[in-house]
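This report refers to the structure that appears directly beneath it.
The values are calculated or read from the model by the stated rules, or taken from the named source; none is laboratory data. Everything numeric in this text was worked out from a predicted model, so none of it was measured. Here the Cβ is made from the backbone with ideal geometry for all residues, glycine too, and neighbour counts use every protein chain on show. The accessibility values were calculated without ligands, DNA or RNA, using every heavy atom of the protein model including side chains. Shrake-Rupley method; radii C 1.70, N 1.55, O 1.52, S 1.80 Å.
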Amino acid sequence: MQKIGKIVVAVAAALTLAACGEDAKPQTAAPAGPPVPSSDAAQATQSKGRECTADDVKTTGKFGEAPTITIPDNCDPPKKLIVKDLSDGTGNGAKAGQNLKMNYSLVTWSDKQKLDSSFDRGEPFDLQLGAGMVIPGWDQGLVGIKQGARRLLIIPPDLGYGQGGQGIKPNETLVFVTDAVSVPTDKG
């Protein structure tokens, strides 16, 4: 019994000391239930009832041309990586370890705005596939792409920038149109 009494006295003393601090403010009870989001946040997180597919995202342009990407308003961003070839290429499909040259355009799902484009810079992007030089959605989504192919990638946050970074908002879904400018051919 003495131990319990000592613990109660110690806890009471700690609470009294905490309440005596300079910045002590009266505490009010937290409201029951989850906080009510603002109307903007509620609208952004409210489900549309179905996940979008590759066919819901509209693109224009052909290989070598800067694409336009239109994200729909009537469905939710997909939770899994979506890969769709928009035009076929030739040769062997890209494999992990190969050096690729890619053109791309990126639109962010939440604001439907183009964030980046190598087409606009006039300079393809070099990467080694599967080496972790790019986000996991690219390392996974570009496997098998052939030279001259155009591919749509819809990348969920866990395969993109997750909690944000590189100018990307937290939990952002990314939509890329990529052109395989150069994919090595197997020699054998």
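Scanning the stretch 94-121 for residues that are farther than 11 Å from residue 176 by Cα, in contact (Cβ under 8 Å) with a residue 24 or more places away in the chain, over 17 Å from the mean Cα position of the chain (by Cα) and open to solvent by 20 Å² or more (accessible area, probe 1.4 Å) yields 95, 96, 97, 98, 99, 101, 119, 120.
Given the criteria surrounded by 13 or more Cβ atoms within 10 Å (Cβ to Cβ) and more than 21 Å from the chain's Cα centre (by Cα), does residue 177 qualify? Judged against the criteria, residue 177 is not a match. Can residue 100 be described as part of a strand (DSSP E or B), out of contact with any Phe, Trp or Tyr (no Cβ under 8 Å at 6 or more places or on another chain), modelled with pLDDT of 95 or more and not aromatic (Phe, Trp, Tyr)? Against the criterion (part of a strand (DSSP E or B), out of contact with any Phe, Trp or Tyr (no Cβ under 8 Å at 6 or more places or on another chain), modelled with pLDDT of 95 or more and not aromatic (Phe, Trp, Tyr)), residue 100 qualifies. Of the set (1) among the polar types (S, T, N, Q); (2) open to solvent by 70 Å² or more (accessible area, probe 1.4 Å); (3) at pLDDT 95 or above, all apply to residue 43 but (3). Number of residues in the stretch 125-137 that are crowded, with 19+ Cβ neighbours inside 10 Å and farther than 19 Å from residue 108 by Cβ: the value is 1.
Quick check: is even one residue across the stretch 22-29 among the polar types (S, T, N, Q), on the phi < 0 side of the Ramachandran plot and at pLDDT 95 or above? No, the stretch 22-29 has no match at all.
Across the stretch 138-168, which residue is most open to solvent (accessible area, probe 1.4 Å) among those that are small (Gly, Ala, Ser) and within 20 Å of residue 68 (Cα to Cα)? By that ranking, first place goes to 148.
One residue stands out in the stretch 77-91 among those that are in a loop (DSSP other than H, G, I, E, B) and either open to solvent by 70 Å² or more (accessible area, probe 1.4 Å) or in contact with a Gly (Cβ under 9 Å, 6 or more places away or on another chain) (or both): the one that is farthest from residue 159 (Cα to Cα), namely 91.
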